[in-house]
Amino acid sequence: MKYVPPVLVFLALLFVLMLPQQPVQGAGDMAGVPGLKPNVPAAFTSTPTPIATETAVPGTPTPPPNPQLACLRINFEVSGDVAQAGTYEVQEVNGRPLASWTAQAGWQDSGWIRNVEISFEAVHVRVLYQPASANPVEMVIHNPAPGTEYGWVARGMCHAVEVGWP
């Protein structure tokens, strides 16, 4: 290894520190800039958001890492409703459970639920709300698959299942 005098190391470090600093921007920060299209989709977290907070910047969610699995979220945005406290279960129409979300009153979105195993390339789904001490309630799907009343989920992509109260 070659010897570098400490004064040169100090001067090099000083030079690097003197370079102009620019804040790092994520895809979500640049989404509102006209004419600028980031080459990565906006990031989404799986933290449920109460209705009182700002919603995430609209964008295309990242697909699940395994194209043989699906990704979904339960969302009240289209209906304008909010969740009641309890568990929401996404099922294939044959009754096979896929995913569940335990919500608190006022929440509007489950966040992305990734790595969901489905029976076929794409399936129709329904969402059941299970309150703590009552019978399940089937939610209305506001973005159904064409010609049905059911939502849908497909392998290799993320899809919001928009629900509302019956």
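One residue is enough: does segment 107-123 have a residue meeting the conditions over 14 Å from P166 (Cα atoms), in a loop (DSSP other than H, G, I, E, B) and in contact with a Gly (Cβ under 6 Å, 6 or more places away or on another chain)? Among the residues of segment 107-123, not one is over 14 Å from P166 (Cα atoms), in a loop (DSSP other than H, G, I, E, B) and in contact with a Gly (Cβ under 6 Å, 6 or more places away or on another chain), which makes the answer no. Determine, yes or no, whether S46 is at pLDDT 95 or above, in a loop (DSSP other than H, G, I, E, B) and of a type in the set (S, T, Y). So S46 fails the test. Inspection of segment 146-155 finds a residue satisfying the criterion of being part of a loop (DSSP other than H, G, I, E, B), in contact with an Asp or Glu (Cβ under 8 Å, 6 or more places away or on another chain) and either in contact (Cβ under 8 Å) with a residue 24 or more places away in the chain or not charged (D, E, K, R) (or both). Listed by first and then second residue, the pairs linking a residue in segment 115-143 that is free of Cβ contacts under 8 Å to residues at least 60 places away in the same chain to a residue that is part of a loop (DSSP other than H, G, I, E, B) and charged (D, E, K, R), with Cβ atoms under 8 Å apart and 6 or more places separating them unless they lie on different chains, are I118/R155; S119/R96; E121/R155; A122/R155; I141/E149.
Filtered by the rule that a residue be polar (S, T, N, Q) and in a strand (DSSP E or B), segment 81-106 gives T87, Q91, S100, T102.
Residues that are of a type in the set (A, V, I, L, M, F, W, C) and closer than 18 Å to P136 by Cα were ranked within segment 71-87; the one that is surrounded by the fewest Cβ atoms within 10 Å (Cβ to Cβ) is A85. Could you tell me whether any residue of segment 128-139 is touching a strand residue (DSSP E or B) at 6+ places or on another chain (Cβ under 6 Å) and more than 21 Å from A83 (Cβ to Cβ)? Checked segment 128-139: no residue is touching a strand residue (DSSP E or B) at 6+ places or on another chain (Cβ under 6 Å) and more than 21 Å from A83 (Cβ to Cβ).
The values are calculated or read from the model by the stated rules, or taken from the named source; none is laboratory data. In this text, all values refer to a predicted model and were calculated from it rather than measured experimentally. Virtual Cβ from ideal backbone geometry, glycine too; neighbours counted across all protein chains shown.
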